[in-house]
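Note sheet for the following structure.
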Amino acid sequence: ASILYFLCEYNGEKENCQESLDIVLEIFEKMKKNNFVFSHPTEGLIFYDLLYDIPRVYDKMGETEKGIAFIKKNKKIFCGNNTFDCLNIEMLKKVGIQFYLFNDYENALEITNLILSRSDEYLLSVGGKISDKREAYYRYGLIHMKWGQFDEAIEGFSKGLALLKDERPVEYYWLAAFYSRLGLVHYFIRDYANASHYFLAALSNNQHVPKN
């Protein structure tokens with residue numbers, strides 16, 4: 001199914017998308033009939049890939065709502081307790097991105113808060129990175145900004161920016177992104193002095209971002 005998914009994702013051919021979807025849904029149903037009992041660790045990896053790929057194929061076919069419905073319907077399957085708290089950092093990121101892209105901000109925020117609740121020591125011990133929290137803070141800020149909750153948005157963007165200042169090499173792309181969002185939030189609350197400050201900082205950092 002992975003080759004078919006590649007064709008669907010990058011060529012946009014609906015025939016390939018449908019074929020890929022039919023295959024992954026068939027595999028998923030077989031696993032479901034077996035109560036998701038896996039005889040080998042690789043089957044578990046395939047299972048999580050399916051949970052990730054099925055909504056993406058639906059989205060590529062223009063049936064985003066079905067992708068969201070699939071994730072929500074099978075939420076209890078992820079961890080067995082109707083939450084996502086058992087997922088590792090990579091799966092949390094994948095699922096959270098899907099919710100955010102599908103404009104399901106409530107569930108996206110739930111995932112984001114789970115990532116932020118993990119200690120730095122835990123992230124490093126399971127092969128994650130402190131920068132995983134950077135992206136979570138960015139999404140936290142975006143969600144609250146979309147909801148008009150500007151104090152929370154500023155908090156998220158500011159905490160993410162604080163993490164960035166300690167990173168080496170310097171992540172100019174992300175610095176520009178955080179500064180620009182802080183500028184936008186302050187513009188929305190009519191704090192034009194700070195908005196100007198952050199926009200200028202974004203422009204300054206953006207000059208160092210590779211153009212390719």
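Filtered by the rule that a residue be within 16 Å of F150 (Cβ to Cβ) and in a loop (DSSP other than H, G, I, E, B), the stretch 165-200 gives I189, R190, D191. Restricted to the stretch 162-212, and to residues there that are closer than 16 Å to E152 by Cα and aliphatic (A, V, I, L, M), the residue that is surrounded by the most Cβ atoms within 10 Å (Cβ to Cβ) is L182. Return a yes/no flag: does the stretch 69-85 have any residue that is of a type in the set (F, W, Y), modelled with pLDDT under 80 and open to solvent by 40 Å² or more (accessible area, probe 1.4 Å). No, because not a single residue in the stretch 69-85 is of a type in the set (F, W, Y), modelled with pLDDT under 80 and open to solvent by 40 Å² or more (accessible area, probe 1.4 Å). Note on the stretch 117-152: residues that are within 24 Å of V185 (Cβ to Cβ), assigned to a helix (DSSP H, G or I) and over 17 Å from the mean Cα position of the chain (by Cα) total 3. Within the stretch 142-153, at least one residue is among the basic types (K, R) and loosely packed, with under 14 Cβ neighbours inside 10 Å. The residue that is surrounded by the fewest Cβ atoms within 10 Å (Cβ to Cβ), counting only those in the stretch 21-68 that are closer than 23 Å to I89 by Cα, under 25 Å from the mean Cα position of the chain (by Cα) and of a type in the set (V, I, T), is T42.
Only one of the listed residues (R118, R139) is under 25 Å from N82 (Cα atoms), in contact with a Ser or Thr (Cβ under 6 Å, 6 or more places away or on another chain) and open to solvent by 20 Å² or more (accessible area, probe 1.4 Å). That residue is R139.
The values are calculated or read from the model by the stated rules, or taken from the named source; none is laboratory data. Note that this is a predicted model, so its numbers are computed, not measured. We place every Cβ from the backbone using ideal geometry, glycine too, and count neighbours over all the protein chains shown. Heads up: the accessible areas ignore ligands, DNA and RNA and are worked out on the full protein's heavy atoms, side chains in. Shrake-Rupley method; radii C 1.70, N 1.55, O 1.52, S 1.80 Å.
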